[in-house]
Amino acid sequence: MNTIIVDNAQITPSKIVCIGRNYVEHIKELNNDMPTSMVLFMKPNSSISDDLLTHGKELHYEGEISFVIKDSKISAVGFGLDLTNRTLQSELKKKGLPWERAKAFDGAGVFSDFVTINTDDINLLNLKLYINDKLTQVGGVELMIHSPNAVINEISTFCTLEDGDIVMSGTPKGVGIFKKGDKFLGEIYLGDKLLVRKTWVAK
């Protein structure tokens, strides 16, 4: 089983639960319809990776504020990359088929370390993603359609969140294709205070 680091300790998530279409500008950039309810999907533990891999395909990156769950609540925060085979996803969507082949493949969830977060501070979180030293994505909880706690509550209506599970809270505008050799820098801030920073070079 793949692991993540939370406060310097190894944790094994049983799964990753993701919300799609949680930022209005991201919905617009992909020409998607505005959802009338939360768009939720899962990635298995096998999708977790320390490395950012292209798999020899034109994959899209999506930077996300990501959370670790403990006692059914948010306990820690980190930076996550939700990798997507966009061409395949579009084909599956047109046919009304599930997205797993485009979202849940090995290496589709790439994460920084996670650090403990006070629940009172969740609404002050924001992210920045630089690719090849260019600021590419910026977004925070204040821009989300559904707050992180609302997402947790909705997930809990149909699925048990185990200790160590990851919840990815959606991506702001600025997604796109990456290639081998691209340098990524992901950051999570609490207001203006840097909490987490992680770099990757795409392989």
At a Cα cut-off below 13 Å, give the aspartates and glutamates reachable from Lys180, other chains included and same-chain residues fewer than 8 away excluded. Asp51, Glu58
Rounded Å value of the spacing that divides the Cα centres of the stretch 130-189 and the stretch 85-112: 16 Å
Residue by residue through the stretch 191-202, which ³J(HN,Hα) values in whole Hz follow from phi under the Karplus form 6.51 cos²θ - 1.76 cosθ + 1.60 (θ = phi - 60°), with glycine and proline marked x? x, 9, 8, 6, 9, 9, 9, 8, 10, 9, 10, 5
Which whole-number percent gives the relative contact order of the chain, counting Cα pairs below 8 Å spaced six or more residues apart? 31 percent
Please sort by residue number the trypsin sites (Lys or Arg not before Pro) in the stretch 95-179 whose DSSP state is loop and whose Cβ has at most 14 other Cβ atoms within 10 Å. Lys95, Lys179
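Compute the Cα gyration tensor for the stretch 79-203, then decide on rounded, prolate or oblate, letting a ≥ b ≥ c be the square roots of its eigenvalues: rounded whenever a/c is under 1.5, prolate when a/b is larger than b/c in the other cases, and oblate in all that remain. Mind dumping the intermediate values first?
On the way: a/c = 1.74, a/b = 1.07, b/c = 1.62.
Note, shape of the stretch 79-203 comes out oblate.
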Does the stretch 129-203 classify as rounded, prolate or oblate by the C-alpha gyration tensor (a ≥ b ≥ c root eigenvalues; a/c under 1.5 gives rounded; else a/b over b/c gives prolate, otherwise oblate)? prolate
Just to verify a number: FRET efficiency for Lys73 and Lys179, C-beta to C-beta distance, R0 = 41 Å, to 0.05? 0.60
Scalar couplings 3J(HN,Hα) for the stretch 56-69 by Karplus 6.51 cos²θ - 1.76 cosθ + 1.60 (θ = phi - 60°), nearest whole Hz, x for Gly and Pro, are x, 10, 8, 8, 9, 9, 9, x, 9, 6, 10, 10, 9, 9
Quick one: dipole size for the chain, taken about the Cα centre, charges +1 on Lys/Arg Cβ and -1 on Asp/Glu Cβ, in debye to the nearest 20. 760 debye
Placed amide H near Asp182: partners under 5 Å, 5+ positions off or other chain: Ala202
Going down the table (Lys73/Lys95; Lys173/Lys198; Lys57/Lys193; Lys94/Lys198), which pairs top 29 Å between alpha carbons? Lys73/Lys95; Lys57/Lys193; Lys94/Lys198
Computed ³J(HN,Hα) along the stretch 130-137: with the Karplus parameters 6.51/-1.76/1.60, θ = phi - 60°, integer Hz and x for glycine or proline, the list is 9, 10, 6, 6, 9, 5, 10, 9
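We did not get these values from a lab; they are worked out from the coordinates using the rules stated. For clarity, every value in this text was computed on a predicted model and none was experimentally measured. For neighbour counting, all protein chains shown are included, and Cβ atoms are generated from backbone atoms with ideal geometry for every residue, glycine included.
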